1. From the set of residues in region 55-81 that are aliphatic (A, V, I, L, M) and part of a loop (DSSP other than H, G, I, E, B), which is nearest to Leu23 (Cα to Cα)?
2. Could you tell me which numbered condition Ser21 fails, if it satisfies all but one of (1) of a type in the set (S, T, N, Q); (2) within 14 Å of the chain's Cα centre (by Cα); (3) within 29 Å of His104 (Cβ to Cβ); (4) surrounded by 12 or more Cβ atoms within 10 Å (Cβ to Cβ)?
3. Please give the number of the condition Leu12 fails out of (1) among the aliphatic types (A, V, I, L, M); (2) within 10 Å of the chain's Cα centre (by Cα); (3) over 15 Å from Cys88 (Cα atoms).
4. Restricted to region 82-105, and to residues that are at pLDDT 90 or above and in a loop (DSSP other than H, G, I, E, B), which residue is surrounded by the fewest Cβ atoms within 10 Å (Cβ to Cβ)?
5. I need the full set of residues from region 24-44 which are within 10 Å of the chain's Cα centre (by Cα) and not in a helix (DSSP H, G or I), in order please.
6. Could you grab the pairs with beta carbons closer than 7 Å, sequence gap of 6+ or different chains, first residue in region 37-63 and at positive phi, second one surrounded by 13 or more Cβ atoms within 10 Å (Cβ to Cβ) and at pLDDT 85 or above?
7. What pairs come out if I take residues in region 69-92 that are under 13 Å from Ser56 (Cβ atoms) and pair them with residues that are open to solvent by 50 Å² or more (accessible area, probe 1.4 Å) whose C-beta lies under 6 Å away, six or more apart or interchain?
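The values are calculated or read from the model by the stated rules, or taken from the named source; none is laboratory data. What you are looking at is a predicted structure, and each value in this text was computed from that prediction instead of being measured. When we count neighbours, we look across all protein chains shown, and the Cβ atoms used for this are built from the backbone with ideal geometry, even at glycine. Accessible surface areas use protein heavy atoms only, side chains included; no ligands, DNA or RNA. Shrake-Rupley method; radii C 1.70, N 1.55, O 1.52, S 1.80 Å.
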Amino acid sequence: MNGLMGSGWPPLPEQIKKFNSLLDELGLTPLVNKMPSGIYQNIGEYGWQLSHGERSRLFLARALMQDPNVMILDEIVSMFDPELSRQCLQVSTNKVPVGILIHHF
């Protein structure tokens, strides 16, 4: 899974723990648990098929792995229901000092 990109390879145990924690906070743990290779599952062109919402949450987790000081989220919650939107935005605001949300109604 490309969520550990930018973390060096092989990932350190603390990076794996952090990533798993983010997946849990973003509600992706059940999905990852279904994947034969878990967080190491190939999700590329011929790998695991993700919905737009699952892909968006994975992108968010990958961005949060970098510990950004500023984060611009452009239409990240457009495919989420209100509860999932709140959940993802709460995770982001807890981890990033400055965030900008772009969302069109």
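1. Restricting attention to region 55-81, the residues satisfying the condition of being aliphatic (A, V, I, L, M) are 58, 60-61, 63-65, 70-73, 76-77, 79.
Among the residues that remain, those that are also part of a loop (DSSP other than H, G, I, E, B) are: 65, 76-77, 79.
Details: Met65: 11, Ile76: 16, Val77: 16, Met79: 18 Å.
The residue in question is Met65.
2. (3)
3. Among (1) among the aliphatic types (A, V, I, L, M); (2) within 10 Å of the chain's Cα centre (by Cα); (3) over 15 Å from Cys88 (Cα atoms), the lone unmet condition for Leu12 is (2).
4. Across region 82-105, the extreme among qualifying residues is Pro97.
5. Step one: list which residues in region 24-44 are within 10 Å of the chain's Cα centre (by Cα), which gives 24-28.
The answer is Leu26, Gly27, Leu28.
6. Gly38/Val32
7. Pairs that qualify, where the first residue is under 13 Å from Ser56 (Cβ atoms) and the partner is open to solvent by 50 Å² or more (accessible area, probe 1.4 Å), are Leu73/Leu101; Asp74/Ile102; Met79/His52; Val91/Glu25; Ser92/Gly99.
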